[in-house]
Amino acid sequence: MITVHGRTRCQFYKGEADWSAVRAVKAAISVPLVVNGDITSFENAVSALAMSGADAVMIGRGAQGQPWLPGQIGRRLKTGKSEAAPSLSEQLAHIRALYDEVCRHYGLRIGLRHARKHLGWALEIAAECSRAPAETLKNWRQKILTSEDPHRVHRSLQDAYDDFAWSAAA
């Protein structure tokens, strides 16, 4: 199996992935090909597969802050059934589990710091879903991403998502 990103090294993270360019690789190999790059939705996944001729997609940065996305896309590709975006409470459950696993995997000292980027991305997704004011997001990011206490992080995440839910209801 080979994975090909539809962006050149010179582009780094700028520009758009060229999924059609991946088709030349597919034509030259006899093993399964996975296309990657700019896959942030089911529609992107379908386009990437069609343009590249690849056998599968890989989701990287598109899953930042929304670890449920690859599973949703995979299930829809397999079954054709669309799923609703997770509620804020479901998002919170996913993010809490991810946070705990990162801390468990790396150990508390390193895990707390490593998890911050994931928490930041998740807060951005939740704030966007709820249409929370930018200042609200900024305040929660500051409080959560600077905490050294996992229990305080969990409490603050709950409070933040409750705040986001109030913004969504308004």
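The values are calculated or read from the model by the stated rules, or taken from the named source; none is laboratory data. Note that the coordinates shown come from a computational prediction; the quantities given were computed from them, not determined experimentally. Every residue, glycine as well, gets a Cβ built from its backbone with ideal geometry; the counts of neighbours run over all protein chains shown. Please note that ligands, DNA and RNA were not included when accessible areas were found on the heavy atoms of the full protein model with its side chains. Shrake-Rupley method; radii C 1.70, N 1.55, O 1.52, S 1.80 Å.
Where residues in region 156-170 are more than 15 Å from Leu98 (Cα to Cα) and not small (Gly, Ala, Ser), which of them is modelled with the lowest pLDDT?
In this case the residue turns out to be Trp166.
Give the residue, chosen from Gly111, Gly120, Gly107, that is open to solvent by less than 60 Å² (accessible area, probe 1.4 Å) and closer than 30 Å to Ala48 by Cα.
None of the others qualify; the one that does is Gly120.
If you check Gly80, Gly74, Gly53, which single one turns out to be farther than 21 Å from Glu128 by Cα, in contact with a Lys or Arg (Cβ under 8 Å, 6 or more places away or on another chain) and of a type in the set (Gly, Ala, Ser)?
Gly53 is the lone residue from the list that is farther than 21 Å from Glu128 by Cα, in contact with a Lys or Arg (Cβ under 8 Å, 6 or more places away or on another chain) and of a type in the set (Gly, Ala, Ser).
May I ask you to list the residues in region 26-46 that are touching a helix residue (DSSP H, G or I) at 6+ places or on another chain (Cβ under 9 Å) and open to solvent by 50 Å² or more (accessible area, probe 1.4 Å)?
Lys26, Asp38, Thr40, Val46
Looking at (1) at pLDDT below 95; (2) part of a helix (DSSP H, G or I); (3) open to solvent by less than 80 Å² (accessible area, probe 1.4 Å), find the lone condition where Ala132 falls short.
All conditions pass for Ala132, except number (2).
Name every residue in region 135-170 that is of a type in the set (Ser, Thr, Tyr) and surrounded by 16 or more Cβ atoms within 10 Å (Cβ to Cβ), in order of residue number.
Thr136, Ser147, Ser156, Tyr161, Ser167
I'd like to check something: does region 68-77 contain any residue that is farther than 21 Å from Ala17 by Cα and open to solvent by 40 Å² or more (accessible area, probe 1.4 Å)?
Yes.
Would you point out which residue out of Ala45, Ala27, Ala21 is within 22 Å of the chain's Cα centre (by Cα) and in contact (Cβ under 8 Å) with a residue 12 or more places away in the chain?
Among Ala45, Ala27, Ala21, only Ala45 is within 22 Å of the chain's Cα centre (by Cα) and in contact (Cβ under 8 Å) with a residue 12 or more places away in the chain.
Please determine whether any residue of region 46-54 is on the phi > 0 side of the Ramachandran plot, modelled with pLDDT of 95 or more and small (Gly, Ala, Ser).
Among the residues of region 46-54, at least one is on the phi > 0 side of the Ramachandran plot, modelled with pLDDT of 95 or more and small (Gly, Ala, Ser), which makes the answer yes.
Identify, by number, the condition in (1) in a helix (DSSP H, G or I); (2) modelled with pLDDT of 95 or more that Leu112 doesn't meet.
(2) is the only condition that Leu112 fails.
Residues Tyr99, Tyr106: which one is modelled with pLDDT of 95 or more and closer than 30 Å to Trp166 by Cβ?
Tyr99
Can you tell which of His151, His118, His94 is in contact with a Gly (Cβ under 8 Å, 6 or more places away or on another chain) and part of a helix (DSSP H, G or I)?
Just a single option satisfies the conditions, and that option is His118.
For region 78-95: of the residues being in contact (Cβ under 8 Å) with a residue 40 or more places away in the chain and either aliphatic (A, V, I, L, M) or in contact with a Leu (Cβ under 9 Å, 6 or more places away or on another chain) (or both), which is surrounded by the most Cβ atoms within 10 Å (Cβ to Cβ)?
Restricting to residues being in contact (Cβ under 8 Å) with a residue 40 or more places away in the chain and either aliphatic (A, V, I, L, M) or in contact with a Leu (Cβ under 9 Å, 6 or more places away or on another chain) (or both), the top hit is Ile95.
Return yes when Ala122 is modelled with pLDDT of 95 or more and within 27 Å of Asn44 (Cα to Cα) and no when it is not.
So Ala122 passes the test.
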